[in-house]
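J.: Sharing a structure, written as structure tokens. Questions coming.
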Amino acid sequence: MSSRMTEISIDCADPDRLADFWCGVLGYAVLDREDGLVEIGPPDRPDAELLDAVRRGPVPPTIFLARVPEAKTVKNRLHFDVSPVDGTQAEEIARIEALGATRADVGQSGDESWVVLADPEGNEFCVLRSLAPGEFDLG
């Protein structure tokens, strides 16, 4: 017996703005929108067959962005790691910064292979090494 991760929820001040940002970063689309709540996920997600897909194995989780009255106050206890798939890490960082991300200092030494960014509401996430062909170096 096991469970599957099917949704991730993020509290935020502006769900529409954060949905636009994360859709741009991940290539996701808005799946549902209500007052104060936006669900984003893969644009070709088979919702009609989702239950069977979830039972067979992992599916990309959707992300719920929910408006809350309080602001973020401390470093995230949980964060996303993203990996570029069709360009270099530096190119992906520049692209994500153009979407509204900023560099974040969470105490890294400078020797890390990842770069810490923050989304438009200050939620930290990491950009890992590229998975693009010819870019991934195991050495």
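The values are calculated or read from the model by the stated rules, or taken from the named source; none is laboratory data. Computed from a prediction, not measured in an experiment: that's the story for all the values here. Every residue, glycine among them, receives a Cβ derived from its backbone with ideal geometry; neighbour counts consider all protein chains shown.
J.: Considering each residue of region 105-121, count those that are modelled with pLDDT of 95 or more and either small (Gly, Ala, Ser) or assigned to a helix (DSSP H, G or I) (or both), and give that number.
T.: Residues meeting the conditions: 1.
J.: Consider region 77-104. How many of its residues are part of a helix (DSSP H, G or I), more than 12 Å from the chain's Cα centre (by Cα) and of a type outside the set (D, E, K, R)?
T.: Going residue by residue through region 77-104, those that are part of a helix (DSSP H, G or I) are 89-99.
Among the residues that remain, those that are also more than 12 Å from the chain's Cα centre (by Cα) are: 89-95, 97-99.
Adding the requirement that they be of a type outside the set (D, E, K, R) leaves 89-90, 93-94, 98-99.
Residues flagged as part of a helix (DSSP H, G or I), more than 12 Å from the chain's Cα centre (by Cα) and of a type outside the set (D, E, K, R) within region 77-104 amount to 6.
J.: Filtering region 1-39 down to residues that are assigned to a strand (DSSP E or B) and touching a residue at least 40 places away in the same chain (Cβ under 8 Å), which residue is surrounded by the fewest Cβ atoms within 10 Å (Cβ to Cβ)?
T.: Keep residues of region 1-39 that are assigned to a strand (DSSP E or B), which gives 7-12, 29-34, 37-39.
Checking which are touching a residue at least 40 places away in the same chain (Cβ under 8 Å) leaves us with 7-12.
Details: GLU7: 10, ILE8: 13, SER9: 12, ILE10: 21, ASP11: 17, CYS12: 23.
Only one residue tops the list, namely GLU7.
J.: May I pose another question? Pick from region 100-113 the residues that are in contact (Cβ under 8 Å) with a residue 12 or more places away in the chain and surrounded by fewer than 16 Cβ atoms within 10 Å (Cβ to Cβ): which of them is farthest from ARG17 (Cα to Cα)?
T.: Step one: list which residues in region 100-113 are in contact (Cβ under 8 Å) with a residue 12 or more places away in the chain, which gives 100-104, 106, 113.
Filter once more, keeping what is surrounded by fewer than 16 Cβ atoms within 10 Å (Cβ to Cβ): 102-103, 106, 113.
Values: THR102: 15, ARG103: 19, VAL106: 24, SER113: 29 Å.
Ranking the qualifying residues of region 100-113, first place goes to SER113.
J.: Based on this model, can you work out whether GLU97 counts as farther than 18 Å from LEU18 by Cβ, modelled with pLDDT of 95 or more and either surrounded by 12 or more Cβ atoms within 10 Å (Cβ to Cβ) or not small (Gly, Ala, Ser) (or both)? Lay out the reasoning, then the answer.
T.: Values: farther than 18 Å from LEU18 by Cβ: no; modelled with pLDDT of 95 or more: yes; either surrounded by 12 or more Cβ atoms within 10 Å (Cβ to Cβ) or not small (Gly, Ala, Ser) (or both): yes.
When the stated conditions are applied, GLU97 does not pass them.
J.: Can you name every residue in region 65-105 that is more than 18 Å from ALA13 (Cα to Cα) and hydroxyl-bearing (Ser, Thr, Tyr)?
T.: Passing the criteria: SER83, THR88.
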